[in-house]
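Working notes for the structure below.
The values are calculated or read from the model by the stated rules, or taken from the named source; none is laboratory data. These figures come from a predicted structure and were not determined experimentally. Because the Cβ atoms are built from the backbone with ideal geometry, glycine has one as well, and the counts that use them run over all protein chains shown.
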Amino acid sequence: MPKIFTEHGYPLGDVISTIQKEIRRGEERSAMFWAYHLIPRYEMYLWRRLMVIANEDIGLGNPQVLYVVPSLRDQFFEFRAEGKNGTCRLILANALALMCRSPKSRLADHLQRAVSQEFMDQPEREFPDYALDKHTERLQDRWGRWLGVEEAKSTIKIKVKVRRRQTGRGQVSV
């Protein structure tokens, strides 16, 4: 795949990576500088990445960011359609300043990576005892009678079976 470059000759991937690292470090001026290299030509990509960064690097550190960034993106493109470039830059500055100043948490990213790996290694698991109660259909026998947890465990062995297929990117699709 050929490299894509900004108007000033910077590789697109390097610019977006730098923006992410500057957000992580709370360097709002530098994040804004590099973001300028992506507008207007790559602004759609910039906002998509900002939403990923909000989820990946901030997340539960400041959950409001998960709602504010998409809202600011919508405002940005609304004003872009009207040709109000100064307002667009102001909106982008608000998003970047908020993200840079927010407490960071990578909890969701670490969680999804850990469970994804666990799922790829062993996609089958028994239901835990506490999940089987009078509300689960599997505790009903064939006559519609509710079974107790111990009786059900001895009568049926419950496992989750998932069909997996490998995608081109090494991810698992279910």
When the residues of the stretch 1-34 are filtered to those that are within 17 Å of E56 (Cβ to Cβ) and of a type in the set (G, A, S), which remaining residue is surrounded by the fewest Cβ atoms within 10 Å (Cβ to Cβ)?
-> G13
Wholly inside the stretch 67-174, helices (runs of 4 or more DSSP H) that include 2 or more residues that are at pLDDT 60 or above, within 18 Å of R48 (Cα to Cα) and in the same structural domain as L50 (by TED's automatic domain parsing) are 85-101
Those residues of the stretch 7-38 that are in a loop (DSSP other than H, G, I, E, B) and more than 16 Å from M99 (Cβ to Cβ) come to a total of 5
